[in-house]
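Colleague: One structure coming up, written as structure tokens, with questions to follow.
The values are calculated or read from the model by the stated rules, or taken from the named source; none is laboratory data. The structure displayed is predicted, hence computed values, not measured ones. Here the Cβ is made from the backbone with ideal geometry for all residues, glycine too, and neighbour counts use every protein chain on show. Note: areas computed on protein heavy atoms with side chains; ligands, DNA, RNA excluded. Shrake-Rupley method; radii C 1.70, N 1.55, O 1.52, S 1.80 Å.
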Amino acid sequence: MTQIHRRRLLQLSGASALTAGPITSGLGGLAGILASGRAPAYGQATTLHWVRWSDFVPSSDVLLKGPITEECQKALGIKLQLETINANDIQARITSAIQSGSGPDIIMGLNNWPQLYAKSLADVSELAEQLGKDGGGYYDICKIVGTYDGKWIGVPWCVGGGLVAYRKSWLAEVGFDGKFPANWDEFRTAGKKLKANGHPIGQTAGHTFGDAPGWWYPYLWSWGGKETEADGKTVVLNSKETIESVKFAVPLWKETMDEGGLAWDDTSNNRAFLSGSISATNNGASIYLEAKKKPDTYQTDKGTPMKDDILHARIPAGPGGQFNLPGPFTDMVMGYSKNQDMAKKFLAWVHSKPVFEEWFTSQQGYTDGATKMWESDPVWNIDPVMAPFKDIPTGGRLVGYAGPPSQKAAEVLTKYIVVDMYAKAIQGMAAEDAVKWAHDELVKVYNG
């Protein structure tokens, strides 16, 4: 695989020699990544504050907070203060830090959030371009959300996304043996039978960062609905296609879903699935990975490991096509930070292949790399149940479609306007009125 050029990485890391060989396991396993021929650039450990989400793969956070944090100080002389918080709390943290002009040096941005804060972020173009080049090129979605006004405002880290996790035995009981419903009519048919059997489908229509937009945006697109024209300015949400999607969503919800999902966050469906309360849900791979990690804890009603009864499938297709919503993760260096140079040196190190590979392997396929070199990583050959996640970066659209995932589109996302359009209809508002409300809200954002 391609690796970051030795000379360039040394310039960015402040070290004078690099050992790029394989990393061994254990706490000392990362020690050979950067070997300095002189004292570190920072004579005494200098603190760098990095805020990330609390990962749905806990072992990845253990790795970052343990071996990687320890080796960061050895290799760079940087004391890494890694803080993990609930993803739904990150935006409030960013806003507070920008307003006060102080706070974390690096903050993880999800989806197209970097566009919201573009003018408050440091230019990381040189670093991002080099990492992208040496990684075989970024996916378009990473470049689109990570650049603004011709410059990089963040360094792409990885790409997440959801597929439908489902209990294959329960689907087989309602006539879908060895397959998942291919379209919305089949999905509704299967879901009605599943709910009648006490195994409803579970999805959220609440204000939560991942699972709600990850379901409702692809659902909208599958019917042919869209937010704007390609110019990213002309709002066209109020269309026949969107109205039809809302009309279908109401009985789909009532006939097939756990109706408590109106109040769910990104953890609720995980708990419901693992407890056996629901039969399917659109989610990242965390449900399966948790069941796989604890086969004696999570079992079927027949006393067998639940992990052996889980498969993944794409959200069904509609008249407009079949899509997912990839979720780029981007490391943003904050413009107020007095440690911008240090932050860039750290990001060069932690994004380098030897370090990132340790983290990527710990994800077990929960996320894809931001560059295309990771498509051929051995992790994808380990477990066929995880293999479908490999196609997440190329199988979907970004919010704002048919326009770009701009600042305006990011504002619409964070205000949950599209999600609320469906939630209002589910709670009794006429489809036409719910769509008109959402359309008018979009006009306020895009023309404001």
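Colleague: For the stretch 119-141, enumerate the residues that are more than 18 Å from the chain's Cα centre (by Cα) and more than 17 Å from Ala343 (Cβ to Cβ).
Modeller: Going through the stretch 119-141, the residues more than 18 Å from the chain's Cα centre (by Cα) turn out to be 119-137.
If the condition is that a residue be more than 18 Å from the chain's Cα centre (by Cα) and more than 17 Å from Ala343 (Cβ to Cβ), then Lys119, Gly132, Lys133, Asp134, Gly135, Gly136, Gly137 are the ones that fit.
Colleague: With respect to Glu173, determine if the residue is surrounded by fewer than 19 Cβ atoms within 10 Å (Cβ to Cβ) and within 25 Å of Asn339 (Cβ to Cβ).
Modeller: On the way: surrounded by fewer than 19 Cβ atoms within 10 Å (Cβ to Cβ): yes; within 25 Å of Asn339 (Cβ to Cβ): no.
Criteria not met by Glu173.
Colleague: Please verify whether the stretch 264-279 includes one or more residues that are in contact with a strand residue (DSSP E or B) (Cβ under 7 Å, 6 or more places away or on another chain) and in a strand (DSSP E or B).
Modeller: Within the stretch 264-279, none of the residues are in contact with a strand residue (DSSP E or B) (Cβ under 7 Å, 6 or more places away or on another chain) and in a strand (DSSP E or B).
Colleague: Here's a follow-up. Condition check: part of a loop (DSSP other than H, G, I, E, B) and of a type in the set (Asp, Glu). Does Asp420 satisfy that? Show your work before the answer.
Modeller: Working: part of a loop (DSSP other than H, G, I, E, B): no; of a type in the set (Asp, Glu): yes.
Judged against the criteria, Asp420 is not a match.
Colleague: Scan the stretch 154-169 and tell me whether some residue there is out of contact with any Ser or Thr (no Cβ under 6 Å at 6 or more places or on another chain), surrounded by fewer than 21 Cβ atoms within 10 Å (Cβ to Cβ) and at positive phi.
Modeller: no
Colleague: Residue by residue through the stretch 362-379, note down the ones that are more than 21 Å from Thr330 (Cβ to Cβ) and open to solvent by 20 Å² or more (accessible area, probe 1.4 Å).
Modeller: Our first condition is that a residue be more than 21 Å from Thr330 (Cβ to Cβ); within the stretch 362-379, this holds for 364, 376, 378-379.
If the condition is that a residue be more than 21 Å from Thr330 (Cβ to Cβ) and open to solvent by 20 Å² or more (accessible area, probe 1.4 Å), then Gln364, Ser376, Pro378 are the ones that fit.
Colleague: Are any of the residues in the stretch 391-399 among the hydroxyl-bearing types (Ser, Thr, Tyr), open to solvent by 20 Å² or more (accessible area, probe 1.4 Å) and more than 22 Å from Ala313 (Cβ to Cβ)?
Modeller: So far as the stretch 391-399 goes, no, none of its residues is among the hydroxyl-bearing types (Ser, Thr, Tyr), open to solvent by 20 Å² or more (accessible area, probe 1.4 Å) and more than 22 Å from Ala313 (Cβ to Cβ).
Colleague: Any idea how many residues of the stretch 47-61 are touching a residue at least 12 places away in the same chain (Cβ under 8 Å) and outside any loop (DSSP other than H, G, I, E, B)? Give the steps one after another, and end with the answer.
Modeller: Step one: list which residues in the stretch 47-61 are touching a residue at least 12 places away in the same chain (Cβ under 8 Å), which gives 47-57, 59-61.
After this cut, where a residue has to be outside any loop (DSSP other than H, G, I, E, B) as well, the list is 47-53, 59-61.
Of the residues in that region, 10 qualify.
Colleague: Just checking, which of Gly191, Gly232, Gly214 is in a helix (DSSP H, G or I), touching a Gly at 6+ places or on another chain (Cβ under 6 Å) and either under 30 Å from Val350 (Cα atoms) or open to solvent by less than 30 Å² (accessible area, probe 1.4 Å) (or both)?
Modeller: Of the residues listed, the single one that is in a helix (DSSP H, G or I), touching a Gly at 6+ places or on another chain (Cβ under 6 Å) and either under 30 Å from Val350 (Cα atoms) or open to solvent by less than 30 Å² (accessible area, probe 1.4 Å) (or both) is Gly214.
Colleague: Step by step: first the residues of the stretch 319-359, then only those that are open to solvent by 10 Å² or more (accessible area, probe 1.4 Å) and of a type in the set (Asp, Glu), then the one that is farthest from Cys158 (Cα to Cα). Which residue is that?
Modeller: Going through the qualifying residues, I end up with Asp341.
Colleague: Given the criteria free of Cβ contacts under 8 Å to residues at least 40 places away in the same chain, under 25 Å from the mean Cα position of the chain (by Cα) and over 21 Å from Lys179 (Cα atoms), does Thr330 qualify? Steps first, answer last, please.
Modeller: Working: free of Cβ contacts under 8 Å to residues at least 40 places away in the same chain: no; under 25 Å from the mean Cα position of the chain (by Cα): yes; over 21 Å from Lys179 (Cα atoms): yes.
It is false that Thr330 is free of Cβ contacts under 8 Å to residues at least 40 places away in the same chain, under 25 Å from the mean Cα position of the chain (by Cα) and over 21 Å from Lys179 (Cα atoms).
Colleague: Within the stretch 70-112, can you find the residues that are outside any strand (DSSP E or B), under 23 Å from Pro326 (Cα atoms), among the hydrophobic types (A, V, I, L, M, F, W, C) and in contact with a strand residue (DSSP E or B) (Cβ under 8 Å, 6 or more places away or on another chain)?
Modeller: Ala87, Ile90, Ile94
Colleague: Follow-up. Looking only at residues in the stretch 176-188 that are in a loop (DSSP other than H, G, I, E, B) and touching a Pro at 6+ places or on another chain (Cβ under 7 Å), which one is surrounded by the fewest Cβ atoms within 10 Å (Cβ to Cβ)?
Modeller: Applying the first criterion (in a loop (DSSP other than H, G, I, E, B)) to the stretch 176-188 yields 176-182.
Going one step further and asking which of them are touching a Pro at 6+ places or on another chain (Cβ under 7 Å), we end up with 181-182.
Values: Pro181: 23, Ala182: 14.
The qualifying residue surrounded by the fewest Cβ atoms within 10 Å (Cβ to Cβ) is Ala182.
Colleague: Is at least one residue of the stretch 409-425 in contact (Cβ under 8 Å) with a residue 40 or more places away in the chain and open to solvent by 60 Å² or more (accessible area, probe 1.4 Å)?
Modeller: no
Colleague: Just checking, how many residues over the stretch 238-256 are among the aliphatic types (A, V, I, L, M) and crowded, with 24+ Cβ neighbours inside 10 Å? Lay out the reasoning, then the answer.
Modeller: Restricting attention to the stretch 238-256, the residues satisfying the condition of being among the aliphatic types (A, V, I, L, M) are 243, 246, 249-250, 252.
Of the ones still in play, those that are also crowded, with 24+ Cβ neighbours inside 10 Å are 246, 249.
So the count comes out to 2.
Colleague: Which condition number in (1) open to solvent by 20 Å² or more (accessible area, probe 1.4 Å); (2) part of a loop (DSSP other than H, G, I, E, B); (3) of a type in the set (Val, Ile, Thr) is the one that Thr204 fails?
Modeller: (1)
This table checks each residue for (1) more than 20 Å from Thr208 (Cα to Cα); (2) of a type in the set (Gly, Ala, Ser).
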{"position": "Trp221", "(1), (2)": "no, no"}
{"position": "Thr242", "(1), (2)": "yes, no"}
{"position": "Asp265", "(1), (2)": "no, no"}
{"position": "Ser275", "(1), (2)": "yes, yes"}
{"position": "Lys293", "(1), (2)": "yes, no"}
{"position": "Lys307", "(1), (2)": "yes, no"}
{"position": "Ala313", "(1), (2)": "yes, yes"}
{"position": "Gln322", "(1), (2)": "yes, no"}
